[in-house]
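*Asks:* This is the structure, below, for whatever I ask next.
Derivation of every value follows stated rules applied to the coordinates shown; laboratory data play no part. Treat the numbers as computed from the prediction; the structure is a model and nothing was measured. Cβ atoms come from the backbone with ideal geometry, glycine included; neighbour counts cover every protein chain shown.
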Amino acid sequence: MIEITIDGIKTEVLENTKILEAAKGLGIEIPTLCHHEALPPDGNCRVCQVEIYDREKKKGKLAIACMYPIRKPIDIFTDNEKVRDARKSVIRLHLNRCPQAKIIQDLAEEYGVEPLDERFVEENDDICIRCGRCVRACEALGNNCLSFSGRGWDREIVPPFNEPPEGCLGCAACAEVCPTGAIKVDEKDGFREIWGRKFRLAKCSRCNEYYATEEYLKKLNPDEIVEINLCPRCKKAEEAKRIGNIIQ
């Protein structure tokens, strides 16, 4: 175990624990945009910056909380003037890029950040903050239908060749992890439309509700034809019933 302090609070953590996780364990909130607990950390939004003080070198520096592994005793500051100034600079960049994104507006209000040009705010309706959550979610599921394209201001998230992705299963995991609602999913009459493709939805044989695309279920359970007719909620109910019968 490694002894550290976070905002003056002493604690011990396992080696390689990320600062964000350690802070959360103490109930200390650090703002994030690209971080998601179910996805590998990426650190591209830079909003979760904190200051760390190296006791051996007797010097401090800024670090990305979601990526920085704790490997020796350090002191961490999550909300001092240096940290807030660093976050303000990052938030201002995000605000100028995506002024209509609610999550960015909330951060800007919290940190007192104003857009550089009000006219630009009115004209720009892009709410994708390029956090990469959707790319990592798609990759984690083994589909790899999304990626970053371009650099700098022209950077965007697109499917291959900017065409409806053939490998997409319509699972909508990308939309589920998107913090701004930039990825649109339309569901109507038993079909789901996403990324320019249309998928038929499977209906639960118990509750009669649509719950997932047929393509996704076939990949998830290719040999369990009966099981795929139950939505996750009804599967849990059936499992609870089965366990209850065993106990009795």
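*Asks:* For segment 180-192, what does the Karplus curve 6.51 cos²θ - 1.76 cosθ + 1.60, with θ = phi - 60°, yield as ³J(HN,Hα) per residue in whole Hz, taken in order and with x for Gly and Pro?
*Replies:* 10, x, 6, 8, 8, 10, 10, 10, 7, 6, x, 10, 10
*Asks:* Now for a separate question. Find the lysine pairs in segment 32-153 meeting two conditions, Cα atoms under 27 Å apart and a separation of 8 or more places or different chains, and report how many there are.
*Replies:* Final tally of qualifying lysine pairs is 14.
*Asks:* Taking springs between alpha-carbon atoms closer than 10 angstrom, which of Ala237, Ala101, Ala65 fluctuates most in the Gaussian network model of the chain?
*Replies:* Judging by the Gaussian network model, the answer is Ala237.
*Asks:* Let me ask another. By counting other Cβ atoms within 10 Å of each Cβ, how are Arg197, Arg242 ranked from fewest to most?
*Replies:* Least crowded to most crowded, the residues run Arg242, Arg197.
*Asks:* Now for a separate question. Highest first, please rank the peptides 161-171, 147-157, 89-99 by the mean number of other Cβ atoms sitting within 10 Å of their residues.
*Replies:* 89-99, 161-171, 147-157
*Asks:* With Cβ to Cβ distances under 12 Å as the rule, what net charge do the other residues near Cys128 carry (K, R +1; D, E -1)?
*Replies:* Result for the local shell: +2.
*Asks:* For segment 46-104, which GluC sites (Glu not before Pro) are both in a DSSP coil and crowded by at most 14 other Cβ atoms within 10 Å?
*Replies:* Glu56
*Asks:* Placing +1 at every Lys and Arg Cβ and -1 at every Asp and Glu Cβ, with all other atoms neutral, what dipole size does the chain have around its Cα centre, in debye to the nearest 20?
*Replies:* 580 debye
*Asks:* Where does each of Met1, Met67 land when they are ranked from fewest to most other beta-carbon atoms within 10 angstrom?
*Replies:* Least to most surrounded, the residues fall as Met1, Met67.
*Asks:* Can you list residues from other chains, or at least 5 along the same chain, whose modelled amide H is less than 5 Å from the amide H of Tyr210?
*Replies:* Cys204
*Asks:* Mind listing the phi-derived Karplus ³J(HN,Hα) values for segment 145-157, rounded to whole Hz, using 6.51, -1.76 and 1.60 with θ = phi - 60°, and x for any glycine or proline?
*Replies:* Those phi angles translate into 8, 10, 7, 7, 9, x, 9, x, 5, 8, 5, 8, 9 Hz.
*Asks:* Moving to a separate point now. Going by C-beta contacts inside 10 Å, put Leu217, Leu141 in order with the fewest on the left.
*Replies:* Ranked by crowding around the Cβ, least crowded first: Leu141, Leu217.
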